[in-house]
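In what follows, a structure is listed as structure tokens, so that the remarks can point back to it.
The values are calculated or read from the model by the stated rules, or taken from the named source; none is laboratory data. All figures in this text were calculated on a predicted structure; none of them were measured in a lab. Note that we place each Cβ from the backbone using ideal geometry, even for glycine, and neighbour counts take in every protein chain shown. Accessible surface is based on the protein model in full, side chains and every heavy atom, while ligands, DNA and RNA are left aside. Shrake-Rupley method; radii C 1.70, N 1.55, O 1.52, S 1.80 Å.
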Amino acid sequence: MARLGLPALLCTLVVLSAALLAAELKSKSCSEVRRLYVSKGFNKNDAPLHEINGDHLKICPQGYTCCSQEMEEKYSLQSKDDFKSVVSEQCNHLQAVFASRYKKFDEFFKELLENAEKSLNDMFVKTYGRLYMQNSEVFKELFKELKHYYVVGNVNLEEMLNDFWARLLERMFRLVNSQYHFTDEYLECVSKYTEQLKPFGDVPRKLKLQVTRAFVAARTFAQGLAVARDVVGKVSVVNPTAQCTHALLKMIYCSHCQGLVTVKPCYNYCSNIMRGCLANQGDLDIEWNNFIDAMLMVAERLEGPFNIESVMDPIDVKISDAIMNMQENSVQVSQKVFQGCGPPKPLPAGRISRSISESAFSARFRPYHPEERPTTAAGTSLDRLVTDVKEKLKQAKKFWSSLPSNVCNDERMAAGNGNEDDCWNGKGKSRYLFAVTGNGLANQGNNPEVQVNTSKQDTLILRQIMALRVMTSKMKNAYNGNDVDFFDISDENSGEGSGSGCEYQQCPLEFEYNATDHAGKSGSEKADSAGARAGPQPYLLIIFCVLFLFMQREWR
């Protein structure tokens, strides 16, 4: 019995060995998968040498696989990093465009102001000499206020320019009537006649219109570039949901688990996953395009009637013309002021200054020719700068709706559009059959690849939408020549900051017209109207209490 059992046992062992050998030969090698896995810095001990049973896999297709449980987990993290990296690359390029243009424009504007102030100072010292130097603080204050408006805002340009001409009139009036003594009260009376007498001719009116429109347009445009830079920077930092991460793993690395290391995801398959993962970013597109259109409108103004370079370069000549007008009309102006403000007191004979005819104010500037305008500010001219920015703005339009396609156009993420049959469709190497969904959150309800909560909008995205909406409103007003009160837009609080601390439907538009537009109520009128609205509330409370007591008595 024992002798008969031994051959049978040997036969059984031979059969089992043959079966195991056949299974080993039939099992696919995972060497290439293992090599690529290790090349990403992962532990080679995680990767099997040959296919194993894939019942442990949670996301990738089960069956025979080259992926261990540790590999799937690490591939999940890697797919998330790959996605964030590609999106960041796309956005970083656009952000760099806006950042560099903002820096260039900002440098140009500040240098333009510096050059204009230096030119005026040099020319006035040469032309008016000591008289200018004794009164130079009036002009220094003008440029100080213009710089303050550009950097910080909170300057009413029209009032500031009115004050400049009033102070200049006071100084000029003293100079052309140097034989008299004027008190501060008398000079205040003189300034009241500025509009009526027009001692400087039409120069103040024209210059006020030009400066206001040019500065508002230039500052708005620069701030728009800064907002665009910051919005792109904030939105470029993506944090995929768990559902998105699962879809990314399935798309990018689950093909490796089946040994298909050279097969790339189908383009439409990638498109559905990107539109699901970037659904909230897609919702930026409408406001973003409106913002770009408004930027292009203001750019046209900068090239035309609101060209700040054509305003600031000859400002010294324009102010000098105004001074000459005052000199030529000094007799008529003085007579009318004396009639309105009363005769001034003459100075003692020994203290009478030289008359204005003996002073340097009899000199004139050379004629101004536009072709002589320098182009030294920031090494360029406004026309060249705006032309370049306009081109970049046009290229940036529809950026957010194009982002999923641009990500999938990256060869690391998907196969080309023409390779529709030999690509990874999430299950195997075959054609992808599902239709591509639309962009934006509302279109993701039927996304076959990514589960998206379409009822919950991303707070960060909503804040950027509001930041764009606020900036668009400001640019539309600047396009129309209206001054806008800006809140400071800096790296710390632009973009997200402009919408933080409030819900999307409740955020204010954060701008109001200056008093120069006569569009808003004064502080007292606002207070009165607020008081009128608040008035009935105590009476309603009394009525409510009376009714309550009456009903309580009835219940008893």
Looking for whichever is under 20 Å from VAL86 (Cα atoms), in contact with a Lys or Arg (Cβ under 7 Å, 6 or more places away or on another chain) and open to solvent by less than 60 Å² (accessible area, probe 1.4 Å) here; the options are TRP424, TRP400. Which one fits? TRP424
Can you tell me which residue among ASN417, ASN482 is modelled with pLDDT under 95 and out of contact with any strand residue (DSSP E or B) (no Cβ under 9 Å at 6 or more places or on another chain)? ASN417
Looking at region 90-104, I want the residues that are open to solvent by 70 Å² or more (accessible area, probe 1.4 Å) and modelled with pLDDT of 95 or more and have a partner that is in a helix (DSSP H, G or I) and of a type in the set (Gly, Ala, Ser) with Cβ atoms under 6 Å, at least 6 apart or on another chain. Which pairs are those? none
If GLY153 meets every condition in (1) within 30 Å of ASP285 (Cα to Cα); (2) crowded, with 18+ Cβ neighbours inside 10 Å apart from one, which number is that one? (2)
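For (1) open to solvent by 20 Å² or more (accessible area, probe 1.4 Å); (2) out of contact with any Phe, Trp or Tyr (no Cβ under 8 Å at 6 or more places or on another chain), each residue gets a yes or a no:
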{"residue": "ARG431", "(1), (2)": "yes, yes"}
{"residue": "ASN446", "(1), (2)": "yes, yes"}
{"residue": "GLN457", "(1), (2)": "yes, no"}
{"residue": "LEU462", "(1), (2)": "yes, no"}
{"residue": "THR472", "(1), (2)": "no, no"}
Any hit, region 194-207, residues being surrounded by fewer than 19 Cβ atoms within 10 Å (Cβ to Cβ), in contact with an Asp or Glu (Cβ under 9 Å, 6 or more places away or on another chain) and without any contact (Cβ under 8 Å) to a residue 60 or more places away in the chain: no
Given the criteria open to solvent by 10 Å² or more (accessible area, probe 1.4 Å), free of Cβ contacts under 8 Å to residues at least 60 places away in the same chain and touching a helix residue (DSSP H, G or I) at 6+ places or on another chain (Cβ under 7 Å), does LYS234 qualify? no
Restricting region 64-89 to residues that are among the small types (Gly, Ala, Ser) and crowded, with 18+ Cβ neighbours inside 10 Å, the one farthest from CYS244 (Cα to Cα) turns out to be SER68
Taking helices (runs of 4 or more DSSP H) that fall entirely within region 271-342, which contain at least 1 residues that are more than 28 Å from THR380 (Cα to Cα)? 279-282, 285-303, 315-328, 330-341
Out of all the residues in region 261-273, is one or more closer than 30 Å to GLY224 by Cα and either crowded, with 24+ Cβ neighbours inside 10 Å or touching a residue at least 60 places away in the same chain (Cβ under 8 Å) (or both)? no
Within region 408-441, can you find the residues that are assigned to a helix (DSSP H, G or I) and in contact with an Asp or Glu (Cβ under 9 Å, 6 or more places away or on another chain)? LEU441
Applying the selection to region 318-331, what residues are open to solvent by 30 Å² or more (accessible area, probe 1.4 Å) and touching a residue at least 40 places away in the same chain (Cβ under 8 Å)? LYS318, ASP321, ASN325, GLN327, ASN329
Does VAL261 satisfy the condition of being aliphatic (A, V, I, L, M) and within 30 Å of GLN339 (Cβ to Cβ)? no
For the structure I just gave you, tell me whether ALA228 is under 32 Å from the mean Cα position of the chain (by Cα), under 30 Å from LYS80 (Cβ atoms) and free of Cβ contacts under 8 Å to residues at least 60 places away in the same chain. no
Within region 237-251, work out how many residues are β-branched (Val, Ile, Thr) and open to solvent by 20 Å² or more (accessible area, probe 1.4 Å). 2
Modelled with pLDDT under 95 and more than 39 Å from the chain's Cα centre (by Cα) - does that describe any residue in region 370-381? no
